[in-house]
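Written out below as structure tokens is the structure these notes cover.
The values are calculated or read from the model by the stated rules, or taken from the named source; none is laboratory data. All figures in this text were calculated on a predicted structure; none of them were measured in a lab. As a convention, Cβ positions derive from the backbone with ideal geometry for all residues, glycine included, and neighbour counts pool all protein chains shown. Surface areas here come from the heavy atoms of the whole protein model, side chains and all, with no ligands, DNA or RNA. Shrake-Rupley method; radii C 1.70, N 1.55, O 1.52, S 1.80 Å.
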Amino acid sequence: MEPTAILAAIALVPQPAELAVTGGTAPAATEVRYVEDASIPAEGYRLSVAEDGIRIASSDEAGRFYAGVTLRQLALPDGSLPCVEIADAPAFAWRGMHLDVSRHFFGVDDVKRFLDLMAAHKLNRFHWHLTDGQGWRLDVPSHPELAAASARRNGRKDEAEEPFAQGDHFFYAEEEVRDVLAYAAARHIEVVPEIEMPGHFGAVLGTHPEFACVDADGNRIGWNEICAGNDAALACMEDVLDDVCRLFPFGVVHIGGDECSRKKWRDCPRCQARIKAEGLADEDALQNWISRRMVRFLEARGRRALGWDEYLLGGGVSTNAIGMRWRGGGGAGGGPSNFVSAATMAAAGHDLVMANSRWVYLDYPQGLPDDPCRYTFDKQKPLDLCYAFDPLRDIPPELHGRVLGGQGCNWTETTPTREILEWKMWPRACALAECLWCGAGRKPSYDDFLRRLEVHRARLVADGVNAAPVPLPPDPLAR
Ligand code: ACM
Ligand code: ZN
């Protein structure tokens, strides 16, 4: 094969930083030699394929692993390897993918498959959304009643139960979590557990109705949020975080923080008593008080907290805490009481992970003409929009160093099975992986991505992935 023909046949996703075709091919079984080279950046590698041998250099195990990922994608249809010189390293340290297992539960086998696909695209942070209104999915020794009460496959009350094959439980037992953690570690993926509070708290309230807000007559008024005036409720969450810190080795724990309606706190005498006792201005300040308490709790256990925009509302939270921006673009978005822009968080000294719903929410439709799947929302997030994702967008240049990276999000209200999850994720997650690995600075054109994706999507399909088709670009002649 001519070098130009070989170059055309190579379809790597994400595209490496530097790729040169040197001519000729090496047989599939060519011996690989590994070299340590401290000058290569973290997670980066140099890969040299020559007719008489393959050489991989890296400064760490992750780089060596990613060279292997690239090597597998390099194989030509006959199994031979094109001779190349590749130098590569990621633009962002946080290249994440989120999975909501509360709205619909996904068992260990599905999670492992999810991790395999992440690793095959050099994604390295698994954000495991373990709790929400519809189901508590983590068995914790301090409060076994929480998971025991979430033994439904399907968190949606308006849909029939579906058959499922993870024994008779619909949460992760401790040994299952350890199994997932080991599987992730072998693929250089860190697991970020999320325990939602103070909103999205309905699953806990189903088990502990006494943790809900009440009115002046003692009648229950809260259904989705913790009663911030209830010491036992807050202590329960601290017990859970204690268990989480023992079980999960990664240094970051997500504590939710989004979409907490603080109206109930206004009408709850216990919450009002807390506001008075702590000298707080209002209900917004009460949420900020919870954030500070939980951030400190995690800090004392050597962990950094991570949370959605609103948990940093009002400022004053330890700068050790990381913000996960989910609304709109980097600068704007949110109603007045939820307005904490990414730039505001970064300027206050917080590191950021960008998960903006505008680009990376994969539970939105992808713009396919005859899509058989239901989606949770109407707004289209087609492949080209995902490919336009840039975690640094709207962040002032002097604060770029605060952006750890970004991630895609898979909310599962309308995603009951692995097949549907894969259809919604792939190939859009390929676009996100490339945005995060390359960064806007060296990301190729969308046309170039589409050329490689044609080959790469077929690779996914051959691997049994239920990938959606690539949408056709808009017809320039159509009016
Ligand atoms: C979110 O989408 N509520 C984080
Ligand atoms: Zn209350």
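Observations on the structure shown:
- Panel note: the C-alpha atoms of segment 3-135, placed on their principal axes, show extents of 57, 34, 24 Å (largest first).
- Rg/Rg_globular for segment 193-258, with Rg_globular taken as 2.2 N^0.38 Å and Rg from C-alpha atoms: 1.19
- Proximal lysines to LYS264, defined as alpha-carbon separation beneath 24 angstrom and excluding residues fewer than eight positions away on the same chain: LYS157, LYS276
- Alpha-carbon spread of the chain, three principal axes, descending order, Å: 82, 55, 50
- Annotation: aspartates and glutamates with alpha-carbon distance below 20 angstrom to LYS379 (same-chain offsets under eight excluded): ASP100, GLU259, ASP363, ASP370, ASP371, ASP390, GLU413, GLU422.
- Entries of LYS381/LYS443; LYS263/LYS381; LYS263/LYS424; LYS122/LYS381 with Cα pairs more than 26 Å apart: LYS263/LYS381; LYS263/LYS424
- Heavy-atom accessible area for TYR375, with the other protein chains in place and a 1.4 Å probe, reaches approximately 30 Å².
- Probing with 1.4 Å while keeping every protein chain in the model, the per residue accessible area of the chain equals 40 Å².
- Centroid-to-centroid separation of segment 26-61 and segment 172-227 [C-alpha atoms, Å]: 43 Å
- Carbon and sulfur %, accessible surface of the chain computed with the full protein complex present, 1.4 Å: 52 percent
- The ellipsoid equivalent to the alpha-carbon distribution of segment 400-479 has semi-axes of 22, 21, 14 angstrom, derived from the gyration tensor eigenvalues as √(5λ) and listed largest first.
- Considering only PRO249, ASN466, GLY408, and ranking their Cα positions along the charge dipole of the chain that arises from unit charges at the beta-carbon of Lys, Arg, Asp and Glu, the one farthest toward the positive end is GLY408.
- Remark: C-alpha extents of segment 338-479 on the principal axes read 45, 38, 34 Å, sorted largest to smallest.
- P(r) weight above 19 Å for segment 206-358, C-alpha pairs, percent: 55 percent
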